[in-house]
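Colleague: Please find one structure pasted underneath; my questions will follow.
Where a number appears in this text, it was derived from the coordinates with a stated rule and is not lab data. Only a predicted model underlies this, so the values are computations on that prediction, with no experimental measurement involved. Note that we place each Cβ from the backbone using ideal geometry, even for glycine, and neighbour counts take in every protein chain shown.
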Amino acid sequence: MFERNDALNPWTHDDDAEHALSVLEWWAVETFFQTKEDKKRWCLKVALSQWCVKRKKIGCLCNMTLFDQETNKHYVHYSWIDGKRLESEKNRFSIRHKDASIKGGFPTYEMHFHDPENHITIDFTQQATSYPHWISQDVTGGWLPMGLGCYRYGILPKNHIQGTMMKHDQTMTIEGTGYYEHVWGNFDYDHPLSILSGLGKTLGVYTKLLLWWLSHHHRRLPRSITFATENNPFGYDWVWAVFDNGWSLFYGNAMFWIMDGPSAGILIFTKDGKTYTDFSDVTFHYKTLAYAKEHDFYYPTALELLAKNEKETLQLTFTMTGDRREYVRSPHPKAYWKGLAICEAPGTVEGYYRTENEMIPLTGFCKIEPQRELSSSCHNTKKIDLLLPPQGIGITVELVSHKLLKKIRISLQIAPHLKVQWKKQTIHSSQVHSTRL
């Protein structure tokens with residue numbers, strides 16, 4: 001039984017409740033469930049958000065996506081209100097956006113969501129089967145940096161959900177597994193470098209995370225590393241997974257322009273929902289990519305992770321299997337940051353968990369959500385390949401610019417033979433979508 005007053009619970013009542021002085025705050029729910037009457041599989045994501053930037057720009061939204069995993073369709077409800085925050089109550093945790101609400105508190109939350117465009121109403125109870133955990137809990141107390149601001153990020157990675165879904169006047173019983181998060185702080189995706197009020201705290205968070213990351217990584221030259229403009233630090237890769245044996249994980253990576261190589265993020269792994277292991281020595285590789293043509297950026301549809309510590313290794317592949325939703329919030333066509341893109345889809349996970357004494361195969365389901373802060377410079381990449389002993393000594397740099405429609409490849413090899421190559425070619429605009437990283 002998971003109790004609020006248990007010593008393993010790091011959350012207080014205030015951590016569930018609204019933080020009215022925050023620039024940005026949200027509560028988000030992810031669920032995989034089955035409708036018992038017809039045995040169909042569904043995936044639901046809902047986020048209730050609010051913001052107050054310099055006490056002038058105020059607003060809130062409900063962002064809801066329901067994935068029908070049998071028909072490979074998804075249904076979207078997006079409701080935005082300017083000049084108004086979410087409705088809340090003083091003496092208990094209860095937030096509302098029009099006809100969508102979350103209330104309660106760890107370990108039990110009541111959810112009500114309504115999509116009027118698609119005639120969908122979902123009501124369920126989310127009962128925690130894991131204790132809350134702060135992202136970077138042991139390093140910064142749960143604080144993370146974003147631009148010049150920082151925020152606190154708390155998760156419940158595994159919960160039992162039970163309730164009903166009404167779709168076109170047909171009511172069905174639902175049951176499944178859910179995820180819950182609460183995030184707040186002084187940060188702004190529309191203007192990531194404009195929040196200066198807590199700069200000292202932000203620099204402290206950056207420093208702690210950098211020192212922690214360096215202490216868990218061997219200094220070694222990667223043989224290959226790729227950088228891309230859309231993988232700037234203001235976006236991230238996000239994965240939540242539950243394995244068939246009951247284990248679960250959370251992965252979040254602020255890429256620092258890296259498209260393939262060492263992760264600057266963290267992987268949080270738990271077997272029982274009580275004890276958490278934070279992996280920092282993580283490398284990632286995108287197996288497949290999708291291209292969003294309208295805003296000219298790539299995002300992963302399948303990614304591999306290799307996470308290590310002194311005693312454990314996780315090697316996992318996450319693959320989107322459903323119809324993807326792509327959307328860009330707050331587009332600014334004339335600004336340097338054009339908008340925030342979130343691409344999401346349900347998927348599967350497979351791989352293994354290994355210690356010195358055993359190797360356990362893992363399979364399960366996951367939700368994958370790459371988020372990208374889009375720049376006006378469009379998609380540009382730099383790939384660096386090193387030729388290292390004993391094979392030889394050399395370096396190859398490949399530059400790709402969609403804005404200039406150019407691809408340049410420069411290669412210098414010193415050993416075993418001296419060789420210099422330089423190649424420049426034009427990328428035809430009609431073929432931009434097929435240019436691979």
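Colleague: Using per-residue counts of other Cβ atoms within 10 Å, averaged over each peptide, order 270-276, 8-14, 259-265, 92-98 from highest down.
Modeller: Per-residue Cβ counts within 10 Å, averaged per peptide and sorted highest first, yield 259-265, 92-98, 270-276, 8-14.
Colleague: For the range 246-300 and the range 1-66, compute the distance between their C-alpha centroids and round to whole Å.
Modeller: Centre-to-centre (Cα) distance: 21 Å.
Colleague: With an 8 Å cut-off on Cα pairs and a minimum separation of 6 or more residues, tell me the relative contact order of the chain in percent.
Modeller: This gives 10 percent for the chain.
Colleague: Taking 45 Å as R0, compute the FRET efficiency from the Cβ-Cβ separation of L399 and T171 and round it to 0.05.
Modeller: The calculated FRET efficiency here is 0.20.
Colleague: Can you list residues from other chains, or at least 5 along the same chain, whose modelled amide H is less than 5 Å from the amide H of G59?
Modeller: Amide H neighbours of G59: W51, G83, K84.
Colleague: Here is a further query. Rounded, prolate or oblate: which fits the range 106-189, taking a ≥ b ≥ c as square roots of the Cα gyration tensor eigenvalues, rounded meaning a/c under 1.5, else prolate when a/b beats b/c?
Modeller: oblate
Colleague: Further, regarding this structure: Give me the one-decimal Kirkwood hydrodynamic radius in Å for the range 1-215, with the sum taken over alpha-carbon pairs.
Modeller: 18.4 Å
Colleague: Within the P(r) computed for the chain, what percentage of the Cα pairs occupies the region above 31 Å?
Modeller: Tail of P(r) above 31 Å: 43 percent of Cα pairs.
Colleague: What angle do you read, to the nearest 10 degrees and between 0 and 90, between the alpha-carbon axis of helix 199-215 and the longest principal axis of the chain?
Modeller: The two axes meet at around 60 degrees.
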